[in-house]
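Notes follow once the structure below has been shown.
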Amino acid sequence: TIQRHTKDIQKIVTEFADFAKMPSPIFESCNIINVLKELVESRQIINDKITYHYSSNISELEFVCDITQIHQVIINLFKNA
């Protein structure tokens, strides 16, 4: 019985891990400075009790990434900061 339940639990964990995997990235070029500015502005609108400061002497920086995934990374950084 224990062995059967252990196998069932392993199957559930494997299925959950497969479900939680990130999709394959779709890489494209973007100006990461604009992405950061837009995310800072949107986070400020979402929660006006937190003040975000963005400062850079660079106005443009081409970056190749999956924009959806990089958005999620930056939002997670904001949430955890």
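The values are calculated or read from the model by the stated rules, or taken from the named source; none is laboratory data. Note that the coordinates shown come from a computational prediction; the quantities given were computed from them, not determined experimentally. Cβ placement follows ideal geometry from the backbone for every residue including glycine, while neighbour counts extend to all protein chains displayed. We work out accessible area using only protein heavy atoms, side chains counted, and drop any ligands, DNA or RNA first. Shrake-Rupley method; radii C 1.70, N 1.55, O 1.52, S 1.80 Å.
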Task: Number of positions in region 9-26 that are within 17 Å of the chain's Cα centre (by Cα) and either hydroxyl-bearing (Ser, Thr, Tyr) or surrounded by fewer than 10 Cβ atoms within 10 Å (Cβ to Cβ) (or both) - done: 6
Open item on the list: For region 27-55, which positions are open to solvent by 60 Å² or more (accessible area, probe 1.4 Å) and either more than 18 Å from the chain's Cα centre (by Cα) or over 21 Å from Phe78 (Cα atoms) (or both)?
Closed with: Phe27, Glu28, Ser29, Ile45, Asp48, Lys49, Ile50, Thr51, His53, Tyr54, Ser55
TODO: Identify all residues within region 62-81 that are open to solvent by less than 80 Å² (accessible area, probe 1.4 Å) and either touching a residue at least 60 places away in the same chain (Cβ under 8 Å) or not aromatic (Phe, Trp, Tyr) (or both); write none if there are none.
DONE: Cys65, Asp66, Ile67, Gln69, Ile70, His71, Val73, Ile74, Ile75, Asn76
